[in-house]
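Okay, so here's the structure we're looking at.
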Amino acid sequence: MIYLLVGLFVVVYVFQARDRLGRKLSKGRLQVGDYDGALRWLRWTSLGNPSVFALHQEGLVLDMAGRLVESERRYRRCLAMTQKGSPYPRERLLACLGFVLVDLGRLDDAEQCFHQAIEAGDVTGSSEDGLADILLAKGAEPEKALGYIDQSIEIARRRDGGSVHWARYANRAWALGLLGRAEEARESLALALRDPETLAPGIAECHWLAGMALLAIEQPAEACQHFRLGKDADPRGKYGRRCAELLRKWE
């Protein structure tokens with residue numbers, strides 16, 4: 001009887017800890033840009049019954065891999081699960097879906113997602129940053145984009161004790177560059193580059209954004225240095241491939 005109880009305890013513990021375990025194991029694969037390996041760990045630890053959290057993590061991995069249609073499907077499945085009673089915060093899923101839709105070029109749908117996320121309670125500033133991404137993708141209204149980015153930075157400072165994700169400074173540099181404010185753009189870019197990334201997709205994204213900011217201030221040779229670093233950091237990922245495409249165009 002004691003062995004049965006111990007076995008039952010182990011099964012319950014593993015089931016409850018599966019999301020944390022899956023995230024930890026998949027992160028190790030993401031560190032080297034192994035997206036298939038990260039997905040395998042997430043699916044194995046979900047034990048055939050993925051939670052909203054596990055599906056959210058799959059959506060993130062698929063997004064970083066550039067498998068955008070699959071990523072969108074995961075997020076929409078998650079949102080459907082939250083409508084059926086899951087307490088998982090919808091605003092996180094809506095914001096993530098918005099970023100995928102930006103990459104898919106469905107900018108009106110993305111804008112709607114970001115506004116819905118804010119209405120649902122997103123207090124992280126991510127959705128404001130996403131609204132700026134839409135304008136940067138269009139190459140239009142950089143002043144408005146800068147306003148959204150500054151909002152997102154201020155929200156993060158108030159919420160996270162002054163900690164601001166590097167990508168917001170990189171986006172700010174891009175917007176400032178489009179406005180012709182090159183010196184300020186370089187100052188913001190320096191803030192973005194001061195905190196090194198450890199995951200391959202993050203490194204590639206950082207160098208892609210740096211390159212886009214430098215193109216905006218008409219520094220293609222310097223931009224290509226970053227595109228080269230991004231391509232080498234994550235050749236199989238979304239941002240690594242973007243860097244490779246821009247290198248072919250600007251080198």
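Tabulated results
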quantity	calculated
Helices (runs of 4 or more DSSP H) contained entirely in the range 84-141, each with at least 3 residues that are out of contact with any Lys or Arg (no Cβ under 9 Å at 6 or more places or on another chain) and among the small types (Gly, Ala, Ser)	126-138
Odd one out for GLY177, checked against (1) over 16 Å from ALA132 (Cβ atoms); (2) modelled with pLDDT of 95 or more	(1)
Helices (runs of 4 or more DSSP H) wholly inside the range 1-73 that include at least 3 residues being touching a Cys at 6+ places or on another chain (Cβ under 7 Å), surrounded by fewer than 19 Cβ atoms within 10 Å (Cβ to Cβ) and modelled with pLDDT of 90 or more	none
Residue ranges of helices (runs of 4 or more DSSP H) in the range 164-251 with at least 2 members touching a residue at least 40 places away in the same chain (Cβ under 8 Å)	166-178, 200-216, 238-250
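The values are calculated or read from the model by the stated rules, or taken from the named source; none is laboratory data. What you are looking at is a predicted structure, and each value in this text was computed from that prediction instead of being measured. Positions of Cβ are generated from backbone atoms using ideal geometry, with glycine treated the same way; all protein chains shown enter the neighbour counts.
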